[in-house]
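Chemist: Following this message is one structure expressed as structure tokens.
Derivation of every value follows stated rules applied to the coordinates shown; laboratory data play no part. Since the structure is predicted, the reported quantities are computational estimates derived from the model, not experimental observations. Please note: Cβ atoms are built from the backbone with ideal geometry, for glycine as well, and neighbour counts cover all protein chains shown.
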């Protein structure tokens, strides 16, 4: 079988899972600066599935596509360190404020500019938990979607066999390619960075990042075309700005309420047996427990 | 036209609880908006299915019955819903935030170029003033959900696009009969006229659905553990306490992600919402994602080594101590009192 061209959709997200004490300000609001930017966890599961296809079918390539501000190039580099072949950063001020529909429109425009057999993404990103962009990209490209994938079993004769992990069980489906696959956290973890790739790609940079480099650096960089992370703008992907950003987003955020824990007086108890006996007595007396 | 639609999904031949909960919510929204509530259900061998749906007060039930639609498939389901919504122009469309609803709703929203809000925890009708555009909107659907890892609560609106679409997780809304004798109008969808062979390119090769083993929502006592419980072995102590108290074991997302317990037990924004008589939170710090799923418990007891843990702000009793030490003492105390 010929090699497959795989695009992995990855997003840089604030690490909302580790909202510790320092991540909350005294007024109970989020201290965003205290949250590190990371490769969205389920997108790493997606990358691993792509790399496994590449391992199984020699000649396959894995391309990372991410959308975000300039610093999101870090996601492409992280992908390269783990075995991806190249990557694109879809970046433009016109994308700012995009909801899932506008985001999926932008991503679908970018994908149309690329060559692909399979598109793989994480099921959802931890900053929004919507799980909408994968299916919306699939619809915009007119491709079938296989969500909740746990493993890609094999590719045979232009069909791909995928095991899905659903709320209540598992389902194995066969889909024609090209298709869009979204991968669950229950799929195998992504392999770690490879030391060889880390050395090879640590200087991989976008044009914007290269602007602050010296001339000598640029010369060396030019001799190594694999170090170029391509940037794509609205113009590059020929997207209609009316469908992007705030104006292209049907959903609007009407209001945001920072979650401030409403103080209530909990009766504090020690872990002594005496306190436990008293507590159980209370629960029985007020019928929380027992009849 | 311009009614509220609820997509009814099937759970092994029965209408799923999440859909009935949405019908209950949809009925009250429809009353407020003075419009009708309509339902669409897609599957195979659906004769008589309306009897399960009508008591929840829907005015019309659209039924798409075809042997090829026995199991959920993204493409034909999308085609049928998009076709129906284009004809009926609903103002609001609600889907369960299940593995079916979360696959189907975004595809439909993309095809209709309409906005969708995932995992809403509250749906309210309200007005909106767009000062920049100088426009006023009445009777919009406020789609309220936690965001940013649950650290903020966002109210989302779709001012200009219809339908206003939202998904809601099972257990978030209450399921209540509208009228046991309510009759709904039934409309049969001619499936073969709408779907094409191209909608069936994805095939299901194998399917293993497990009976729902754990359903902690029905339990009046929930002993729930967080990352602070520390290990799978320590979780056994929670099971011991739950058994003694006749309850079930729940968990926070962190505990599920750490592999301490099964996802079916997860309480919170991305798990189930519970309202037991007693909720014992063990080693749970109390992030909003979690508390959103349990704060309506009648009584909350927290066990935490950290007296300033956020969970203590909503707890009735805060036991400051180690879960491993406290639980055996609680069991001993219960046994003493119940003698």
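Chemist: Which value in deg cm²/dmol, rounded to the nearest 500, describes the helix-derived mean residue ellipticity at 222 nm for chain B, given -39,500 (n - 2.57) per DSSP H run of n ≥ 4 and division by the residue count?
Modeler: Taking each H run of at least 4 residues, the total per residue is -8000 deg cm²/dmol.
Chemist: Taking 2.2 N^0.38 Å as the expected size of a compact globular protein, what ratio does the Cα radius of gyration of chain B give against it, to two decimals?
Modeler: Working: Rg = 22.2 Å, N = 339, 2.2 N^0.38 = 20.1 Å.
Against the compact-globule rule of thumb, the ratio is 1.10.
Chemist: Could you state the orientation-averaged shadow area of the convex hull built on the Cα atoms of segment B:213-273, in nm² to one decimal? The partial results should precede the final answer.
Modeler: Numbers: hull surface 14.8 nm².
Result: a mean projected hull area of 3.7 nm².
Chemist: Determine the percent antiparallel among the DSSP beta bridges restricted to the protein assembly as shown, to the nearest 5. Provide the component values of the computation, followed by the final result.
Modeler: Numbers: 45 of 123 bridges.
That works out to approximately 35 percent antiparallel.
Chemist: Determine the relative contact order of segment B:183-339: mean sequence separation of Cα pairs under 8 Å and six or more apart, normalised by residue count, in whole percent. Numbers along the way, then the final one.
Modeler: On the way: 271 pairs, mean separation 30.1, N = 157.
In percent, rounded to a whole number, it is 19.
Chemist: I'd like the orientation of helix A:273-285 relative to chain A: the angle between its Cα long axis and the longest Cα principal axis, in ° from 0 to 90, rounded to 10.
Modeler: Around 80 degrees separate the two axes.
Chemist: What is the fewest-to-most order of B:313, B:87, A:11, B:132 by other Cβ atoms lying within 10 Å of their Cβ? All intermediate terms of the calculation are to be shown ahead of the outcome.
Modeler: On the way: B:313 19, B:87 9, A:11 24, B:132 6.
The order, fewest Cβ neighbours first, is B:132, B:87, B:313, A:11.
Chemist: Residue by residue through B:94-101, how many Cβ atoms from other chains fall within 10 Å of the Cβ on average?
Modeler: On the way: counts 0, 0, 0, 3, 3, 12, 3, 0.
For this peptide, the per-residue mean of nearby foreign Cβ atoms is 3.
Chemist: How would A:171, B:88 line up from fewest to most surrounding beta-carbon atoms within 10 angstrom?
Modeler: Working: A:171 22, B:88 18.
Least to most surrounded, the residues fall as B:88, A:171.
Chemist: Also: First check a/c for segment B:124-188, with a ≥ b ≥ c the square roots of the eigenvalues of its C-alpha gyration tensor; if it is under 1.5, answer rounded, and if not, answer prolate when a/b is larger than b/c or oblate otherwise. Please list the in-between numbers first.
Modeler: Values: a/c = 2.66, a/b = 1.46, b/c = 1.82.
Oblate shape, in that a/c is at least 1.5 and b/c is the bigger or equal ratio.
Chemist: Also, quick follow-up: Out of every Cα pair in segment B:216-338, what percent are spaced more than 20 Å from each other?
Modeler: On the way: 2365 of 7503 pairs.
Cα-Cα pairs of segment B:216-338 separated by over 20 Å account for 32 percent.
Chemist: A follow-up question, please. Kindly put A:91, A:182, A:61 in sequence by how many other C-beta atoms sit within 10 Å of each C-beta, fewest to most.
Modeler: On the way: A:91 22, A:182 29, A:61 17.
If I rank by nearby Cβ atoms, fewest first, I get A:61, A:91, A:182.
Chemist: Out of A:49, A:268, A:211, any idea which swings most in a Gaussian network model of chain A, alpha carbons joined below 10 Å?
Modeler: A:268
Chemist: Against the longest principal axis of chain B, how steep is helix B:101-112, in degrees 0 to 90 to the nearest 10, with axes from Cα atoms?
Modeler: 40 degrees
Chemist: Quick check on packing: order B:170-181, B:317-328 by the mean number of other C-beta atoms within 10 Å, highest mean leading. All intermediate terms of the calculation are to be shown ahead of the outcome.
Modeler: Values: B:170-181: 15.4, B:317-328: 21.0.
Going by the mean number of other Cβ atoms within 10 Å, highest first, we get B:317-328, B:170-181.
Chemist: Also, I was wondering about something else. Report the FRET efficiency, 1/(1 + (r/R0)^6), for residue A:208 and residue A:274, where r is their Cβ-Cβ distance and R0 is 60 Å, rounded to 0.05.
Modeler: Working: r = 66 Å, r/R0 = 1.09.
The calculated FRET efficiency here is 0.35.
Chemist: By how many degrees, between 0 and 90 and to the nearest 10, does the Cα long axis of helix B:323-338 differ from the longest principal axis of chain B?
Modeler: Helix B:323-338 sits roughly 90 degrees off the main axis of chain B.
Chemist: Given the options A:137, A:207, A:237, which has the most mean-square fluctuation in a GNM of chain A, springs set between C-alpha atoms less than 10 angstrom apart?
Modeler: Top of the fluctuation ranking is A:207.
Chemist: Kindly identify chain A as rounded, prolate or oblate by the Cα gyration tensor criterion: order the square roots of the eigenvalues as a ≥ b ≥ c, call it rounded if a/c is under 1.5, otherwise compare a/b with b/c, prolate if a/b is larger, else oblate.
Modeler: Values: a/c = 1.94, a/b = 1.59, b/c = 1.22.
It comes out prolate by the Cα gyration axes.
Chemist: Given the rule -39500 (n - 2.57) for each run of at least 4 DSSP H residues, summed and divided by the residues of chain A, what is its mean residue ellipticity at 222 nm, to the nearest 500 deg cm²/dmol?
Modeler: Working: 8 runs with 80 residues, N = 291.
Helix contribution divided over all residues of chain A: -8000 deg cm²/dmol.
Chemist: Still on this model: What shape does the protein assembly as shown take by its C-alpha gyration tensor, where a ≥ b ≥ c are the square roots of the eigenvalues and a/c under 1.5 counts as rounded, a/b above b/c as prolate, and the rest as oblate?
Modeler: Values: a/c = 1.65, a/b = 1.21, b/c = 1.36.
Since a/c reaches 1.5 but b/c is at least a/b, the shape of the protein assembly as shown is classed as oblate.
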